[in-house]
Amino acid sequence: MKSARLADIAREAQLGTATVERVLNARGNVRPETVEKVLLAARKLGYDRRLPERYRGTIRIEVIMVRPDTPFFARLNQAFARIAATLDTSILLHRTFLDEADPLAVARHIANPGFRRSGLIICAPDHPEVRARLGEAKAAGVAVLPIVSRIGDDPFIGIDNYAAGRTAAFYLASMLKPRSGTLVALCHSGVYQVHKERVRGFSDYLAEHPDPAQAFALVMFGLDDRLHSSAVFEEALRAHPDIIGLYNAGGANAGIASVLERQKRGRSIMWIGHELTENSRRWLQSGLMDIVLDQAPEVQARRALDTVLHRIGFLEVEVSADPVRFFTISAENL
């Protein structure tokens, strides 16, 4: 039985049985990439012997994220940390935070991470150099998977952002009737496909369901920064004092809240934003905020890691490729 298992693993890994035996018995003098092939084949075939402790963390998967200071990425990071604690000992999950304002540095890290990796899960701005380095990583055999937002034309793990934008428009247009006034939207900028898709969905819905009493007048760029978002929102209120609805398609909800509280406009402006946090929960309860669209970062983390593990042969079960469901939350279903 033992000999048959070795032969099966050797066949699956396309290696000799002697090499497989050296790896499984930790005899050394085997290249790391060969060890990885053996471990993946053994795991795929259900090899029931305990693998040598020296191979702990041999299969490395990196998660690249940005903005650890934001509630969403803090939740995403915590989700990956919790999942990492449950993984097979042969898998090591690296969590790396990089500066979203420096895509060239992101590209350099993709090209030179400082360690060999089997998979790469990444959320970063869409940039030609980032796309080029990800293409090189894929060509080298790394399982690359964008998360949260699309990079280039690659499939990614995340919600249907176009649908999220349409959903926000549906609620604003429906719940504000028969009031008349201006609708505005806020997002980071044009560097994330996720925000472009949300704003496009928002705009398309309003164009398809025109209401002469309500005009979509402005898209503001807040860079997901609290102070900058509050400044551009205050400027919008000066230019359009009749604003009755706001959709924040990005982050920095605290900047919006500070303006609404300071100007005592919470009851006169309907506000829809993203991500359920302690702050957004409080704003919903107080009536300052009306609806939160939460994109379930915990589900995204699990789906992304399962997808990469499936691609490298560690999981046999197919992983859903459907968009992750987002949740619509109001004060009534907290």
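The values are calculated or read from the model by the stated rules, or taken from the named source; none is laboratory data. Please read all numbers here as calculations on a predicted model, not as lab measurements. Note: ideal-geometry Cβ built from the backbone for every residue, glycine included; neighbour counts use all protein chains shown. The area values use the complete protein model at the heavy-atom level, side chains included, leaving out ligands, DNA and RNA. Shrake-Rupley method; radii C 1.70, N 1.55, O 1.52, S 1.80 Å.
Would you mind telling me which numbered condition in (1) under 26 Å from Lys37 (Cβ atoms); (2) open to solvent by 70 Å² or more (accessible area, probe 1.4 Å); (3) out of contact with any helix residue (DSSP H, G or I) (no Cβ under 8 Å at 6 or more places or on another chain); (4) not aromatic (Phe, Trp, Tyr) Pro128 fails?
The failed condition is (1).
It is to be established whether one or more residues within region 38-52 are within 27 Å of Ala301 (Cβ to Cβ), at pLDDT 80 or above and charged (D, E, K, R).
No, because not a single residue in region 38-52 is within 27 Å of Ala301 (Cβ to Cβ), at pLDDT 80 or above and charged (D, E, K, R).
Quick test for you: out of Leu288, Leu227, Leu284, Leu334, pick the one residue that is open to solvent by 10 Å² or more (accessible area, probe 1.4 Å) and out of contact with any Gly (no Cβ under 8 Å at 6 or more places or on another chain).
Leu334
Looking only at region 253-274, which residues are open to solvent by 20 Å² or more (accessible area, probe 1.4 Å) and either free of Cβ contacts under 8 Å to residues at least 24 places away in the same chain or outside any helix (DSSP H, G or I) (or both)?
Correct list: Arg262, Gln263, Lys264, Arg265, Arg267, Ser268.
Which residue pairs have Cβ atoms under 6 Å apart, sit 6 or more places apart or on different chains, and have a first residue in region 134-160 that is closer than 16 Å to Ile64 by Cα and open to solvent by 40 Å² or more (accessible area, probe 1.4 Å) and a second that is aliphatic (A, V, I, L, M) and modelled with pLDDT of 95 or more?
Pairs that qualify, where the first residue is closer than 16 Å to Ile64 by Cα and open to solvent by 40 Å² or more (accessible area, probe 1.4 Å) and the partner is aliphatic (A, V, I, L, M) and modelled with pLDDT of 95 or more, are Lys138/Val144.
In region 1-25, how many are of a type in the set (S, T, N, Q) and either modelled with pLDDT under 80 or open to solvent by less than 50 Å² (accessible area, probe 1.4 Å) (or both)? Step through it out loud before you land on a result.
Taking region 1-25 as the starting set, the residues that turn out to be of a type in the set (S, T, N, Q) are 3, 14, 17, 19, 25.
When the remaining residues are screened for being either modelled with pLDDT under 80 or open to solvent by less than 50 Å² (accessible area, probe 1.4 Å) (or both), the result is 3, 19, 25.
Number of matching residues: 3.
Where residues in region 308-328 are of a type in the set (Val, Ile, Thr) and open to solvent by 20 Å² or more (accessible area, probe 1.4 Å), which of them is farthest from Val38 (Cα to Cα)? Explain how you work it out, then say what you get.
Residues of region 308-328 that are of a type in the set (Val, Ile, Thr), as a first pass: 308, 312, 317, 319, 324, 328.
In the following step, the residues that additionally are open to solvent by 20 Å² or more (accessible area, probe 1.4 Å) were identified as 312, 317, 319, 328.
Numbers: Ile312: 12, Val317: 20, Val319: 23, Thr328: 45 Å.
Here the residue is Thr328.
Collect the residues in region 81-111 that are out of contact with any Lys or Arg (no Cβ under 9 Å at 6 or more places or on another chain), within 23 Å of Pro297 (Cβ to Cβ), open to solvent by less than 70 Å² (accessible area, probe 1.4 Å) and not in a loop (DSSP other than H, G, I, E, B), keeping them in residue-number order.
Listed by number, the residues that qualify are Thr96, Pro103.
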